[in-house]
4 protein chains.
Amino acid sequence: MADSLEKLKEIFREFPGIGERQADRFVYFLLHKNKIFRDEFVREVETLGKNVKQCRSCFRFFDAGSTSLTINKTGANVCDICADQSRDHSLLMIVPHNVDFESIEDTRAYKGLYFILGGTKAFSEKKQQSLHTKELVARIEKEGKNLKEIIIAVSLNPEGDNTRHAIEDVIRESVKKYGIKVSTLGRGLSTGAEIEYIDRETLSDALSGRKIEPLP
Amino acid sequence: MADSLEKLKEIFREFPGIGERQADRFVYFLLHKNKIFRDEFVREVETLGKNVKQCRSCFRFFDAGSTSLTINKTGANVCDICADQSRDHSLLMIVPHNVDFESIEDTRAYKGLYFILGGTKAFSEKKQQSLHTKELVARIEKEGKNLKEIIIAVSLNPEGDNTRHAIEDVIRESVKKYGIKVSTLGRGLSTGAEIEYIDRETLSDALSGRKIEPLP
Amino acid sequence: MADSLEKLKEIFREFPGIGERQADRFVYFLLHKNKIFRDEFVREVETLGKNVKQCRSCFRFFDAGSTSLTINKTGANVCDICADQSRDHSLLMIVPHNVDFESIEDTRAYKGLYFILGGTKAFSEKKQQSLHTKELVARIEKEGKNLKEIIIAVSLNPEGDNTRHAIEDVIRESVKKYGIKVSTLGRGLSTGAEIEYIDRETLSDALSGRKIEPLP
Amino acid sequence: MADSLEKLKEIFREFPGIGERQADRFVYFLLHKNKIFRDEFVREVETLGKNVKQCRSCFRFFDAGSTSLTINKTGANVCDICADQSRDHSLLMIVPHNVDFESIEDTRAYKGLYFILGGTKAFSEKKQQSLHTKELVARIEKEGKNLKEIIIAVSLNPEGDNTRHAIEDVIRESVKKYGIKVSTLGRGLSTGAEIEYIDRETLSDALSGRKIEPLP
């Protein structure tokens, strides 16, 4: 009969980015915490499975228990953001993962809608994740001329580029049909960047994207 | 009413070494896993609280459900290692944490017993953890002349040194009374060490601890 | 009498970013190289002092021996870039160091002129480097209405910000007088940036600076 | 005609561990330093070639100009360490590089003699450096029964292991003939090592090499 310490360690080892030693530490962390903490932890994991739903419109996970479920025009279960009429429904941002959505929302700089692709387009055939590409096309077709701009927000690495190309391929026909603009996140210097050490491509982008500043 | 995604993220943020972004990823990892995985996870966390006990002799956490509980000579509940008569009961290794014990056991090079101190001796008064120092003295007193050597196994950093000094202070009287030897882990080159870049102290230790090798 | 190995090591230790061990390696590197290599090295260091001049117009170091010295309109000794009539003389980029100039030139994306400030504006009074601010103002005053845009190209860190503010302060009056625009390098995602991990400010900049892309 | 800035940058790029940007910084560092500094630098590089000799006995580089050249018993030009009768001539430490010798000397913990092998034994045939293995055997044969111990001091990585095996192969016959002991540097925890994160091999070594400490 397997040791229950070992079994929990094994589960934690499956968590993203967690190795053997950190899985061990998690288990001892839980043991050092009292029963009240562990009980709350267990309850929240159980609640997650019950309350959290995937939005039928943008495919992000959201708490349908706390945020009262909204029935939209078409009758589908949609999240609070998709249902929010104060947001700009003419803007749609496509992001690979829920965590990317969270990063963008944290900026408080975007007021349009989202579409969570459900992963990136891997290079290897074996690693392909099932992406919501069909649902993306259906969403665009449904919005039609109401959509003015689609923002493809992917990481600036080879897998991000590959994902962007895959998105462009599936949306090409629809965006032409409805005259929707397609944009990507601006490139340039990021916080902390030192001119001496930046790669040439980024520096070229920073040059061509330079901004006229009113002198204070 | 707080969002259940947010509540679980907050709990994960308390885990050792976990920041905001990784807490987010854990929650989405659980959402992408199916109900069977989450149920097993919840079950194992609950089992942990029920089955895992702290040994009355060495203070390590062990699974008392799977490993049948052993009643030792003095009647206290002790773990399988403390109760194992094939191990060398004349050797006692003191380690700060359960994870240190696991690192040592993984080497399969040590056959004595252990004592888990329950933490390190911090420099700041505020950060003091409650250490099992009284129980350590009681343990040594109980074993008395049966103990031949106590190994203090702490990290080679200032907090480890501080912890070693604290241990030496509390065991001094007993080890003198019973003539118990006190040792520390050997110092020298560790795997991957490059002579050109090692600090002088380690290199001096490696020199004085050099080993005569029979030529193969 | 000091050891000549030691003396050369000491000199190398003064080189930027070079510690004790790497200084040692440089000396042994030179010893392992033959006399021909060392002689060429010595000759090039000597040539540097003779041939390399600082441009009177942009303050960058340039080889006045190989690039024939140019006498410009005002009679001052100027470098090949300042004298190049095929470059856009209505654009002036201010950079802190010669190495920043090199990074920009390497992109082959900029065709205007430069001004090397000679350092950054430190926060501590003690660390102040003497910057060519007076010469910068004189340069702008000399160009007058011929200048259309000044690009302040500094790193995106606190010292860079501080330097930018110092530049703005000294050029304010002149740029107003001649109606010169002042711009800074564009901000956004840099190569390799992952949306999940970028800071909010950069992500906001990338959002507001998003680029409409014609679908290929 | 090539630019003299570029030519010097190219030479610095050949220095060990120096990339494009740091080579640039070195050149501008020299330009910002005055002529006195550059002249001294040039003089020291030239002196290096004249004064520094390779010891005929231990093959280390030493300053034969400052340290007056010593003629030993056999008439060969030897360095100050090889000629120093206060050092223990029964101990010989074999190290791959001059910098390794310096690291050991810096500890002030070793009073025997040295032999610089001139490199490590690479795995790839193409990368083989010419090692002073013949001279090592000749040195041992010359010392004969005066040698009590040979210390093989190599890094704890695959190339170090490979080098140690190569040394053992060439010295095997001689050490057997004269009954010379062969030792290697001690293994164990190095400064800063944390028990939780050390590899198993090092931890096993630290356990078997544990040291009895008199309680202070």
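Numerical summary
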| item | result |
| --- | --- |
| Surface per residue (accessible, 1.4 Å probe) for the protein assembly as shown, Å² | 47 Å² |
| Cross-link partners of D:Lys148 among lysines (Cα-Cα below 26 Å; sequence separation of 8 or more within a chain) | B:Lys211, D:Lys73, D:Lys111, D:Lys121, D:Lys134, D:Lys176, D:Lys177, D:Lys181, D:Lys211 |
| Placed amide H near C:Asp88: partners under 5 Å, 5+ positions off or other chain | C:Gly112 |
| Accessible-area composition of the stretch A:102-183, carbon plus sulfur, in percent [1.4 Å probe] | 49 percent |
| The stretch A:109-133 residues near the modelled B:His32 label - backbone nitrogen below 19 Å, point 7 Å along Cα→Cβ | A:115-133 |
| Residue with peak Gaussian network fluctuation, chain B [Cα springs, cutoff 10 Å], from B:Gly186, B:Gly65, B:Gly144 | B:Gly186 |
| Considering only chain B, percent of DSSP beta bridges that pair antiparallel, nearest 5 | 30 percent |
| Within a Gaussian network of chain D (alpha carbon springs, distance under 10 Å), most fluctuating of D:Thr202, D:Thr184, D:Thr120 | D:Thr202 |
| Label-point gap, in nm, between B:Asp84 and A:Arg56 - each point 7 angstrom along Cα→Cβ | 5.8 nm |
| Per DSSP, loop chymotrypsin sites (Phe, Trp or Tyr not before Pro) in the stretch B:118-216 with at most 12 further Cβ within 10 Å | B:Phe123 |
| Using a Förster distance of 56 Å, the FRET efficiency for A:Arg200-B:Ala109 (Cβ separation, nearest 0.05) | 0.60 |
| Residue among D:Glu196, D:Glu105, D:Glu44 with the largest mean-square fluctuation in a Gaussian network model of chain D, springs linking Cα atoms under 10 Å | D:Glu196 |
| Spin-label model distance (nm) - A:Lys177 vs B:Lys177, 7 Å beyond Cα toward Cβ | 8.9 nm |
| Percent antiparallel among DSSP beta bridges (both partners in the protein assembly as shown, rounded to 5) | 35 percent |
| MRE, 222 nm, helices only [DSSP H, n ≥ 4, -39500 (n - 2.57), over the protein assembly as shown, to nearest 500] | -13500 deg cm²/dmol |
| Mean separation of Cα contacts under 8 Å (6+ apart) over length of chain B, as relative contact order % | 12 percent |
| Residue-count net charge about B:Phe62 - beta-carbon cut-off 10 Å; Lys, Arg +1, Asp, Glu -1 | -1 |
| 11 Å beta-carbon shell around B:Asn98, net charge (K/R +1, D/E -1) | -3 |
| Label distances, nm, A:Lys134 versus same residue in remaining copies, Cβ-directed 7 Å point | 6.8, 7.6, 7.6 |
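The values are calculated or read from the model by the stated rules, or taken from the named source; none is laboratory data. Just so you know, these numbers come straight off a predicted model, no measurement behind them. All Cβ positions, glycine included, derive from the backbone under ideal geometry; neighbour counts span all protein chains shown. The protein model used for the area step is the full one, side chains on, heavy atoms only, and it has no ligands, DNA or RNA in it. Shrake-Rupley method; radii C 1.70, N 1.55, O 1.52, S 1.80 Å.
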